[in-house]
Amino acid sequence: MTEPWLALIAGLAGVALGFPLVGVSEGLLRARRLFSWRVRAAASISCGLLFAIVAAVLGLVWELPAYLYLACAAVVLGIVDLAEKRLPNAIVHPSLVVLPVLLLSAAALRGAWPQLLGAVEGAGALFAVYLVLALISPAGIGMGDVKLSALLGLALGYLGFFPLLIGGAAGFVVGGLVSLIALLARRVTLRSSIPFGPAMLVGAFVGLLLS
């Protein structure tokens, strides 16, 4: 863990970024609409919390921009997935380029080549798991989830095997709990589909937090 001041500054920056990120999310919707102030407040709080977690866990290191970028992408992807049950390629595809470049730059500056290799292996491993699940149960796991798994595997694999294992497993745990709560609250039925992207993203940051 690092000095509290860094986490505080990062958290405040995340809160400030939450509002424009909601605007980005609105622009990615297929059915154009404006989100309520509750969604904007939730997005700002979520972004601030993610920024604070990243800064607290990593500290002032070369990898910090990569994981702060991932936090911003996570907020947008989560909003759109909850609103329209899809993960927009306009965010996922560029992120599959931006995040590797940021991690490559950090690895080069630190000489952390084994960590970069772990990132590649993590991306491949998580991608393979989700691809198999998508082929077995396309109604439960979509190709957007498969592509997102590669991005999250990259980020978690860079941190090590333990964060990758915890982050990958936590996504399924969170997704299962959300589905169970929704069923008990009668918000969905057994035939309903629930966006899995937000659970994957929460799980990934749980893995980062425990790294």
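Quick note: the coordinates plus some simple rules give every number you see, no bench work behind them. Here the structure is a predicted model, which is why all the values come from computation and not from measurement. All Cβ positions, glycine included, derive from the backbone under ideal geometry; neighbour counts span all protein chains shown.
Could you tell me which of rounded, prolate or oblate describes the stretch 68-132, using a ≥ b ≥ c as the square roots of the eigenvalues of the alpha-carbon gyration tensor, with rounded for a/c under 1.5 and, failing that, prolate when a/b is larger than b/c and oblate otherwise? Oblate, because a/c is 1.5 or more while a/b does not exceed b/c. When the chain is treated as a Gaussian network with alpha carbon springs shorter than 10 Å, the biggest mean-square fluctuation among Pro20, Pro100, Pro195 belongs to Pro20.
Across q = 0.13, 0.19, 0.21 Å⁻¹, the stretch 85-164 modelled as identical point scatterers on its alpha-carbon atoms has Debye log10 I(q)/I(0) values of -0.41, -0.78, -0.90, in the order of the q list. As a proxy for reagent exposure, ranking Phe162, Phe205, Phe127 by other Cβ atoms within 10 Å from fewest up yields Phe162, Phe127, Phe205. Report the trypsin sites (Lys or Arg not before Pro) located in the stretch 62-165 that are in a DSSP loop and have at most 14 other Cβ atoms inside 10 Å of their Cβ, or state none. Hits after loop and neighbour filter: Lys85. Overall shape: oblate for the stretch 40-149, with the ratio a/c of the largest to smallest alpha carbon gyration tensor axis at 1.5 or above and b/c at least equal to a/b. The tail of the calculated P(r) for the stretch 125-192, taken as Cα-Cα distances beyond 21 Å, holds 32 percent of the pairs. Distance distribution note for the chain: the fraction of Cα pairs above 27 angstrom is 28%.
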